[in-house]
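Chemist: Could you have a look at this structure, given as structure tokens, before my questions?
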Amino acid sequence: MNAYYLLGIHIIRLPIEFIIFQLFKHKMLPIEMTFLGWNYDLFFGITAVLFLIFSSFNPKILTSAFFKAWNILGICSLLAVVVIGILSSPLPLQSIAFDQPNIAVLQFPYVLLPTIIVPIVMLSHFHLLGNSAIAKHQE
């Protein structure tokens, strides 16, 4: 898989983070799921653009320990938002955000975030980690 395409997938995190913020403003999900809370997708979207730019000059960046750490932190960040999303949903297991539950993901098209977008971004992180390990091994 092409590492540049996999990295480009992460740019989708930028507009989605602003959509999530608008959903918060319309009281459809809690602040914890935005960049004002525990969602660092804005950071990962911006740094994905920076990795794309810098790796065009020096492709070895995509095999560096820094890039590997970026992917691991990206996976952890996504998992944290998923857990917050589940725990703030109006389900029997809701344990946070009682004042503003996560109702957005129960409606179309926002249901596509946890069912399509998050898995694609997560898989991209895992593939980038794998590509990095394969490229490092081949050197």
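Chemist: Name the one entry in VAL82, VAL105, VAL111, VAL121 that is in contact (Cβ under 8 Å) with a residue 12 or more places away in the chain and open to solvent by 40 Å² or more (accessible area, probe 1.4 Å). Before you say what the answer is, go through the steps one by one.
Modeler: Values: VAL105 fails: open to solvent by 40 Å² or more (accessible area, probe 1.4 Å); VAL111 fails: in contact (Cβ under 8 Å) with a residue 12 or more places away in the chain; VAL121 fails: open to solvent by 40 Å² or more (accessible area, probe 1.4 Å).
Result of the check over VAL82, VAL105, VAL111, VAL121: VAL82.
Chemist: Can you name every residue in the stretch 51-71 that is open to solvent by 60 Å² or more (accessible area, probe 1.4 Å) and more than 16 Å from the chain's Cα centre (by Cα)? Quick ask: steps written out before the conclusion?
Modeler: Start the filter on the stretch 51-71 by keeping residues that are open to solvent by 60 Å² or more (accessible area, probe 1.4 Å), which leaves 53-54, 56-60, 65-66, 68.
Across the stretch 51-71, the qualifying residues are ILE53, PHE54, SER56, PHE57, ASN58, PRO59, LYS60, ALA65, PHE66.
Chemist: Taking the stretch 85-102 as the search range and keeping residues that are open to solvent by less than 70 Å² (accessible area, probe 1.4 Å) and in a helix (DSSP H, G or I), which one is farthest from ASN39 (Cα to Cα)?
Modeler: To start, the set of residues in the stretch 85-102 that are open to solvent by less than 70 Å² (accessible area, probe 1.4 Å) comprises 85, 87-90, 94-97, 100-102.
Restricting the remaining residues to those that are in a helix (DSSP H, G or I) gives 85, 87.
Working: GLY85: 11, LEU87: 14 Å.
The qualifying residue farthest from ASN39 (Cα to Cα) is LEU87.
Chemist: Which residues, counting only those in the stretch 22-36, are over 17 Å from SER77 (Cα atoms) and open to solvent by less than 70 Å² (accessible area, probe 1.4 Å)?
Modeler: Kept after step one, since they are over 17 Å from SER77 (Cα atoms), are these residues of the stretch 22-36: 22-29.
LEU23, PHE24, MET28, LEU29, listed by residue number.
Chemist: Could I ask something else about it? Among the residues that make up the stretch 37-49, is at least one of them open to solvent by 70 Å² or more (accessible area, probe 1.4 Å) and within 25 Å of GLN107 (Cβ to Cβ)?
Modeler: Quick first cut of the stretch 37-49, residues open to solvent by 70 Å² or more (accessible area, probe 1.4 Å) only: 38, 40, 43, 46.
So of that shortlist, the ones also within 25 Å of GLN107 (Cβ to Cβ) come out as 38, 40.
Yes, the conditions are met somewhere in the stretch 37-49.
Chemist: For the stretch 21-41, which residues satisfy the criterion of being in a helix (DSSP H, G or I) and either of a type in the set (Phe, Trp, Tyr) or touching a residue at least 60 places away in the same chain (Cβ under 8 Å) (or both)?
Modeler: Narrowing the stretch 21-41 to residues in a helix (DSSP H, G or I): 21-25, 31-33, 41.
Those that are in a helix (DSSP H, G or I) and either of a type in the set (Phe, Trp, Tyr) or touching a residue at least 60 places away in the same chain (Cβ under 8 Å) (or both): PHE21, LEU23, PHE24, ILE31, GLU32, MET33.
The values are calculated or read from the model by the stated rules, or taken from the named source; none is laboratory data. Computed from a prediction, not measured in an experiment: that's the story for all the values here. Every residue, glycine as well, gets a Cβ built from its backbone with ideal geometry; the counts of neighbours run over all protein chains shown. Ligands, DNA and RNA are stripped out before the accessible areas are found, and what is left, the full protein with its side chains, is counted by its heavy atoms. Shrake-Rupley method; radii C 1.70, N 1.55, O 1.52, S 1.80 Å.
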